[in-house]
Amino acid sequence: MKIACAAIALVFAAFPAFAQNVKITPVGSHAGELCANDRAIIFEDPTGVRFLYDPAHNVTGGDDPRLGAIHMVLLSHMHGDHVGDLKLKAPGAGSCANSERVPAPNSTTAEVVAAKNAAMVMTRAMGGFVGNKVLAIRGGGKPVGFCPQTGGATIVPVAAVCASQTDLGGVFVAKTADAPRGVEISIVYASHVNNAPPALLSEAQRAQLKADGAILEYGPATGFVVRFTNGLTVYLSGDTGIHTEMKTVVHDFHKANLAVLNLGNNPGIFLSGEYVINELVKPASVILTHPNEPVTEGGTPRPASRTAALMKKLKSESHLALSGRTMEFDGKGKCVAGC
Ligand SMILES: [Zn+2]
């Protein structure tokens, strides 16, 4: 018995990260690939806290079997490709360059929140919009309230859909009942715009905006910094151009050791990404997503892709957000399995 115990102790000593890793699983349009419209990612803390970041056009609905338990939904901004004005017709539908999607009039974000009875972690302005859509899905009911807190933390799973009551700069802590500490989620700045897709607005609102050539913004667009219980500190950039807080807040203050970087065309990150990662954020590792181009074929990057070209310039270890692949990260931001 003593020998068996010693052997087990040795095994644990050899793998000190055992069961202390954060699991990160992208949910995209095509299994095993990084495709043009891919954005959504599931995170799981070692204590069991699980959340979905930007449901986007990547889920087939709130009942998408790839999701599993979801305690919180994080939304960076209101653009249709994030809040989800369309949903994936089926995993693998369409091409990697242009996945086949169908309308989601209540948004995929609200569909997942409603189906999972999740906490909405986003600015109050966006929470107001998504909360309304949850009521539309349910055909009425009580307005969504703020998440209950005990000792500064919300215990997940929550009993009913609730809103984080946080704004830009705010912090939300989510904790399982028996965990010694929680997962800390800070909302950080993004250099972007935050207008809602017209298809998700009321007819009256649409007409009014059209008359003035206007857009409807729901407060600032955002990113997040998430500190997991094993020490892993992840910067979720959201859609953003380069900005100074990537150094002062994300690197200097939060000391993020993993960055999930949205590429895409509008924010210019294909051009600034090298400087953003190597000089400002300086994480141990980077996960690349939101490519707006089909990056991989058979799971390996196409050499001609802009994403592959950027990857070559990054000093941090970089990984592609391949759909359905679970990567495990230790507290120092190093991928220890699945990469
Ligand atoms: Zn986007």
(request) Scan the stretch 265-293 and report the pairs whose first residue is touching a residue at least 40 places away in the same chain (Cβ under 8 Å) and among the acidic types (Asp, Glu) and whose second residue is in a loop (DSSP other than H, G, I, E, B) and within 16 Å of the ligand (Cβ to nearest atom), with Cβ atoms within less than 6 Å and a gap of 6+ or a chain change. (result) Glu293/Ala36
(message) As an exercise: evaluate Leu280 against (1) in a loop (DSSP other than H, G, I, E, B); (2) buried (at least 18 other Cβ atoms within 10 Å of the Cβ); (3) more than 16 Å from the ligand (Cβ to nearest atom) and give the number of the one condition it does not meet.
(response) (1)
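Sort out which residues of the stretch 51-78 are of a type outside the set (A, V, I, L, M, F, W, C), in a loop (DSSP other than H, G, I, E, B), closer than 19 Å to Ser164 by Cα and within 16 Å of the ligand (Cβ to nearest atom), and write them in order of number. Step through it out loud before you land on a result.
Kept after step one, since they are of a type outside the set (A, V, I, L, M, F, W, C), are these residues of the stretch 51-78: 53-55, 57-58, 60-66, 68, 71, 76-77.
Then drop every residue that is not in a loop (DSSP other than H, G, I, E, B), which leaves 54-55, 57-58, 60-66, 68, 71, 76-77.
Those still in the list that are closer than 19 Å to Ser164 by Cα too: 54-55, 71, 76-77.
Scanning the stretch 51-78 gives Asp54, Pro55, Ser76, His77.
Just name the residue that is nearest to the ligand (Cβ to nearest atom) out of those in the stretch 240-277 that are assigned to a loop (DSSP other than H, G, I, E, B) and touching a His at 6+ places or on another chain (Cβ under 9 Å). Steps first, please.
The initial filter retains those residues of the stretch 240-277 that are assigned to a loop (DSSP other than H, G, I, E, B), namely 240, 242-244, 254-257, 263-268.
From what's left, touching a His at 6+ places or on another chain (Cβ under 9 Å): 240, 263-264, 266-267.
Details: Thr240: 10, Leu263: 9, Gly264: 5, Asn266: 7, Pro267: 8 Å.
Residue satisfying both the conditions and the ranking: Gly264.
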(request) All but one of (1) of a type in the set (D, E, K, R); (2) out of contact with any helix residue (DSSP H, G or I) (no Cβ under 9 Å at 6 or more places or on another chain); (3) surrounded by 14 or more Cβ atoms within 10 Å (Cβ to Cβ); (4) within 29 Å of Leu86 (Cβ to Cβ) hold for Arg206, so report the exception by its number. (result) (2)
(request) Give the residues of the stretch 6-49 that are at positive phi, modelled with pLDDT of 95 or more and out of contact with any His (no Cβ under 9 Å at 6 or more places or on another chain), sorted by residue number. (result) Gly32
(message) Can you confirm whether Gly324 is at positive phi and surrounded by fewer than 24 Cβ atoms within 10 Å (Cβ to Cβ)?
(response) yes
(request) For residues that are over 26 Å from Gly128 (Cβ atoms) and within 16 Å of the ligand (Cβ to nearest atom), scanning just the stretch 98-113, find the one that is surrounded by the most Cβ atoms within 10 Å (Cβ to Cβ). (result) Ser99
(request) With the checklist (1) within 27 Å of Val171 (Cβ to Cβ); (2) within 12 Å of the ligand (Cβ to nearest atom); (3) not hydroxyl-bearing (Ser, Thr, Tyr) in hand, flag the one item Ile41 doesn't pass. (result) (2)
(message) Suppose we filter the stretch 302-330 for residues that are in a loop (DSSP other than H, G, I, E, B), in contact with a helix residue (DSSP H, G or I) (Cβ under 7 Å, 6 or more places away or on another chain) and within 20 Å of Asn292 (Cβ to Cβ); how many remain?
(response) 2
(request) Output yes when any residue across the stretch 296-306 is within 19 Å of the chain's Cα centre (by Cα) and either touching a residue at least 12 places away in the same chain (Cβ under 8 Å) or closer than 24 Å to Val83 by Cα (or both), and no when none is. (result) no
(message) From the list Leu88, Leu52, Leu75, exactly one residue is out of contact with any His (no Cβ under 8 Å at 6 or more places or on another chain) and closer than 26 Å to Asn195 by Cα. Which is it?
(response) Leu52
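The values are calculated or read from the model by the stated rules, or taken from the named source; none is laboratory data. These numbers were taken from a predicted model, which means no experiment stands behind them. No Cβ is skipped: glycine too gets one built from the backbone with ideal geometry, and neighbour counts run over all protein chains shown.
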